[in-house]
Amino acid sequence: MQQQLMERESIMNRVFLLMAAAFLTVVAACTPTLESGSTYRIRNADKVQLRMLDSVNALRQASGVQNVQLNAELTAAAATHSRDMSVQNRPWHFGSDGSSPLDRVARAGYTGTLLGENISETYENEQQTLTAWLERPATRAVILDPKAVNMGFSWFQESNGKIWWTLVMAD
């Protein structure tokens, strides 16, 4: 019985990932592409945030959980951490001042409960980053947490094109 449940869960995870990949392929078709050798440059920052919010909510709907909304305080915490990761030159969940994700969210004035934080260091666009997060169970769980109602999302792009992404989910 346990083996059957594990196999069923594995099949469901694969189906979900295939659905997510198909969705992101459609979204990527609407995202500017690069010629080989080009560096992705973020332009129209508000559109990047809205594309990510729309993508996250489409994935959440496909998983049967409620939509989230973009939250200014969580986005401020995400922006601060993205810049700080660049300063530290490493993707990790602790700030240069020793702060944790909980500390940053509280410092930004958010009064709800932090549920999780996803981070990335990449040269890829937001859709490629979301796809990478979906491939890992821990980061996918943050995105699809059924208790989440608010999302913060931001980045910092260095002059060389490297992007430091931060996504925060909270209730």
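The values are calculated or read from the model by the stated rules, or taken from the named source; none is laboratory data. All of these numbers come straight from a predicted model, not from anything done at the bench. So basically every Cβ, Gly included, is an ideal-geometry build from the backbone, and we count neighbours across all protein chains shown. Note: areas computed on protein heavy atoms with side chains; ligands, DNA, RNA excluded. Shrake-Rupley method; radii C 1.70, N 1.55, O 1.52, S 1.80 Å.
Here each label is just a point 7 Å from Cα along the line to Cβ, and for residue 47 and residue 102 those points are 4.0 nm apart. Here the 3J(HN,Hα) profile of region 146-157, calculated from phi with Karplus coefficients 6.51, -1.76 and 1.60 at θ = phi - 60°, is x, 7, 5, 10, 10, 9, x, 8, 7, 7, 9, 10 Hz, Gly and Pro shown as x.
Within the shell of other residues whose beta carbon sits under 11 angstrom from the beta carbon of residue 92, the net charge comes to -2, with Lys and Arg scored +1 and Asp and Glu -1. Round to the nearest 0.05 the FRET efficiency obtained for residue 62 and residue 88 when R0 = 35 Å and r is the Cβ-Cβ distance. My answer for the efficiency is 0.50.
Rolling a 1.4 Å probe over the protein chains gives residue 68 an accessible area of about 10 Å². Compared with the rule-of-thumb size 2.2 N^0.38 Å for a compact globular protein, region 27-168 has a Cα radius of gyration ratio of 1.00. Given +1 at the Cβ of Lys and Arg, -1 at the Cβ of Asp and Glu and no other charges, the dipole of region 35-140 around its Cα centre is 100 debye to the nearest 20. Other residues lying with their Cβ under 11 Å from the Cβ of residue 101 contribute a combined charge of 0, Lys and Arg counting +1, Asp and Glu -1. Across all directions, the average projected area of the convex hull around the alpha carbons of region 110-171 is 4.2 nm².
For residue 115, the residues whose amide H sits under 5 Å from its own are 169, 170, 171, ignoring neighbours fewer than 5 places away on the same chain, with H placed 1.01 Å from N. Would you kindly find the accessible area of residue 155, with a 1.4 Å probe and non-protein molecules such as ligands, DNA and RNA excluded, rounding to the nearest 10 Å²? That residue has around 40 Å² of solvent-accessible surface.
Using the Karplus relation 6.51 cos²θ - 1.76 cosθ + 1.60 with θ = phi - 60°, the per-residue 3J(HN,Hα) values for region 116-124 come to x, 9, 10, 9, 7, 10, 7, 10, 8 Hz, with x marking Gly and Pro.
Amide H contacts for residue 120 (H built 1.01 Å from N in the peptide plane; partners 5 or more residues away or on another chain; cut-off under 5 Å): 165.
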